[in-house]
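Okay, structure first, notes after.
The values are calculated or read from the model by the stated rules, or taken from the named source; none is laboratory data. Given the structure is predicted, the values throughout are model-derived calculations rather than measurements. All Cβ positions, glycine included, derive from the backbone under ideal geometry; neighbour counts span all protein chains shown.
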Amino acid sequence: MGTVTIGVSIAVPEPHGSQLQERRAGFGDPAAHGIPTHVTLLPPTEVEDGSLPSIEAHLEEVAGSGRPFGMRLSGTGTFRPLSPVVFVQVVEGAEACTWLQKQVRDASGPVARELQFPYHPHVTVAHGIAEEAMDRAYEELSEYEAAWPCTGFALYEQGADGIWRKLREFPFGGPAVPAQGPGRSKRGRQPAR
């Protein structure tokens, strides 16, 4: 049995996703067209390919306990000098993204893992390119704005060609938070908006 590299993320919908992907390519980032524009919930993670059914079942459970929320991007930020990344900031929906990524990486789940850096929801627009191009990305997108209702997330697999492809979408359970009675899931519920 082999391994596959997976990731879980919230896709940035059209037309925003393609716009940011084209801008990323325009800054000279060679990875731009192989990575759909997204907010990461689970970074690239190597798993046994036979574990995908249990991972999908876990993600169904996480999505079932989530509910739609507003996402808004505004302005730029950077992780430099710690990491060579320029990003568009998530200014609304960050708390919900943080909750979701914790559920996805739950210690009792099939993709439990530690993160290299503390979780910070963002949309990468330049990664590992020349400093001047990183500066240009930071400046040119400093007034970027986009907003949409987030209604779920998706599981992606990185192909041998380095391109990320969507395997499956996981819509949230619904607009209402169920009663918090004794039958409550051990994972809890997404915080109220």
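Farther than 23 Å from Thr45 by Cβ, loosely packed, with under 15 Cβ neighbours inside 10 Å and in contact (Cβ under 8 Å) with a residue 40 or more places away in the chain: which single residue out of Ala137, Ala130 fits that description?
Ala130
With the checklist (1) more than 22 Å from Ala11 (Cβ to Cβ); (2) assigned to a strand (DSSP E or B) in hand, flag the one item Ala126 doesn't pass.
Result: Ala126 fails condition (1) only.
Kindly indicate the residue of the stretch 10-53 that is touching a residue at least 24 places away in the same chain (Cβ under 8 Å) and of a type in the set (Gly, Ala, Ser) and also farthest from Val123 (Cα to Cα) among those meeting that condition.
My answer is Gly50.
Looking for something within 18 Å of Tyr156 (Cβ to Cβ), buried (at least 17 other Cβ atoms within 10 Å of the Cβ) and touching a Ser or Thr at 6+ places or on another chain (Cβ under 9 Å) - is there at least one such residue anywhere in the stretch 51-62?
Checked the stretch 51-62: no residue is within 18 Å of Tyr156 (Cβ to Cβ), buried (at least 17 other Cβ atoms within 10 Å of the Cβ) and touching a Ser or Thr at 6+ places or on another chain (Cβ under 9 Å).
Looking at (1) hydrophobic (A, V, I, L, M, F, W, C); (2) surrounded by fewer than 19 Cβ atoms within 10 Å (Cβ to Cβ); (3) in contact with a helix residue (DSSP H, G or I) (Cβ under 9 Å, 6 or more places away or on another chain), can you tell me which one Phe117 breaks?
(3)
From the list Glu114, Glu56, Glu61, pick out the single residue that is free of Cβ contacts under 8 Å to residues at least 60 places away in the same chain and not hydrophobic (A, V, I, L, M, F, W, C).
Step by step, each of Glu114, Glu56, Glu61 is checked, and only Glu114 is free of Cβ contacts under 8 Å to residues at least 60 places away in the same chain and not hydrophobic (A, V, I, L, M, F, W, C).
With respect to Tyr156, is the statement that it is touching a Gly at 6+ places or on another chain (Cβ under 9 Å), surrounded by 15 or more Cβ atoms within 10 Å (Cβ to Cβ), among the hydroxyl-bearing types (Ser, Thr, Tyr) and in a strand (DSSP E or B) true?
Considered against the rule, which asks whether it is touching a Gly at 6+ places or on another chain (Cβ under 9 Å), surrounded by 15 or more Cβ atoms within 10 Å (Cβ to Cβ), among the hydroxyl-bearing types (Ser, Thr, Tyr) and in a strand (DSSP E or B), Tyr156 comes out as yes.
Only one of Ala107, Ala63, Ala112 is small (Gly, Ala, Ser) and at pLDDT 95 or above. Can you tell me which? I'd like the intermediate steps shown before the answer.
Details: Ala107 fails: at pLDDT 95 or above; Ala112 fails: at pLDDT 95 or above.
Criteria check complete, one pass: Ala63.
What do you reckon, is Arg136 at pLDDT below 95, out of contact with any Cys (no Cβ under 8 Å at 6 or more places or on another chain) and of a type in the set (Lys, Arg)?
no
Please work out which one of (1) out of contact with any strand residue (DSSP E or B) (no Cβ under 9 Å at 6 or more places or on another chain); (2) in a loop (DSSP other than H, G, I, E, B); (3) surrounded by fewer than 17 Cβ atoms within 10 Å (Cβ to Cβ) is the condition Lys102 fails and give its number.
Of everything listed in (1) out of contact with any strand residue (DSSP E or B) (no Cβ under 9 Å at 6 or more places or on another chain); (2) in a loop (DSSP other than H, G, I, E, B); (3) surrounded by fewer than 17 Cβ atoms within 10 Å (Cβ to Cβ), Lys102 misses just condition (2).
Do you know which of the residues in the stretch 68-94 that are touching a Lys or Arg at 6+ places or on another chain (Cβ under 8 Å) and not aromatic (Phe, Trp, Tyr) is surrounded by the fewest Cβ atoms within 10 Å (Cβ to Cβ)?
Gly70
Would you confirm whether or not the stretch 162-171 contains a residue that is in a loop (DSSP other than H, G, I, E, B), surrounded by 15 or more Cβ atoms within 10 Å (Cβ to Cβ) and modelled with pLDDT under 95?
For the stretch 162-171, residues in a loop (DSSP other than H, G, I, E, B), surrounded by 15 or more Cβ atoms within 10 Å (Cβ to Cβ) and modelled with pLDDT under 95: absent.
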